[in-house]
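Step one of this worksheet: look at the structure below.
The values are calculated or read from the model by the stated rules, or taken from the named source; none is laboratory data. Note that the coordinates shown come from a computational prediction; the quantities given were computed from them, not determined experimentally. Backbone-built Cβ (ideal geometry, glycine too); neighbour counts: all protein chains shown. These accessible areas exclude ligands, DNA and RNA; they are computed on the full protein's heavy atoms, side chains included. Shrake-Rupley method; radii C 1.70, N 1.55, O 1.52, S 1.80 Å.
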Amino acid sequence: MSVLIVLTILSIWHGNSRALLDQGIPSTPKLPADEAAYLHQIINQESALRIELEKQITSLQSSVYSFQQEFLAMKTENNIMKGNLSSVQHDVSRLKLENSALLRNISTMKHSAGNTVMFSAYLSTPINNPHVDQTIIFDKTWTNTNNVYNTRSGIFTAPVSGHYLFSLTVTSQSFNTHVNLIYNGKGVVTLIADIHHANYFGRGSLTLIHQMNAGDNIWVSSNDDRIANGILGGNPPLTLFTGHLLNAM
């Protein structure tokens, strides 16, 4: 019974298949002419868009390359500027050091200028018959910073502590002349203007470096009352007294 059913089904399938073969397999339908043209237009537009897109991509790649080159150039320039900045900073540091040294020099110069002490005085008229311990007053000066030498009292007063250089020249006639350099009331050194022959001039000179404190005094005084013709003065000077500060302490 089962075999009969199977044979019946196979017979029916074979008949239907044969009928289909007799009818033939249907072919793919052709598009109308206007639809084909439209599709061709779409394909052309897509091709044009693709070409334009490729051009834009190429342009963007070129721009990116240009930007990369500019970036590298800017990076190189930045490195150069950093180097220049470092050089400038070095120069600024050097100039600061030089400026500091210059300011110190200016300060030293100002200090030195402020401590400039000097005088140069002379006797304009003779001193006749001076007595012992009489102060020899050099009444005229060429130089006298801040009036450190008093032309009325004949006394030099040190305005600052330091080492001072003094020079003294005394001229006399007929008799030897003895004078002392007095420091704070005590004799430091004696100068003799020696006369070798009667009625001739005698002259004596000395140079001395002496340490003084601010406010100390130094002056010249006679220590001989036998000077009959006195100490000669005049212009050009015959008797003079000078001093200046060598270094402050």
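So, with a 1.4 angstrom probe, what is the percent of accessible area on the stretch 124-222 that is carbon and sulfur? Walk me through the intermediate numbers first.
Values: 2440 of 5130 Å².
The computed percentage sits at 48.
In whole Hz and in residue order, list the ³J(HN,Hα) couplings for the stretch 244-249 that follow from phi through the Karplus curve 6.51 cos²θ - 1.76 cosθ + 1.60, θ = phi - 60°; x for Gly and Pro.
Couplings: 7, 7, 7, 7, 7, 10 Hz.
Packing-wise, with mean Cβ within 10 Å as the measure, how do 80-86, 134-140 rank, highest first?
134-140, 80-86
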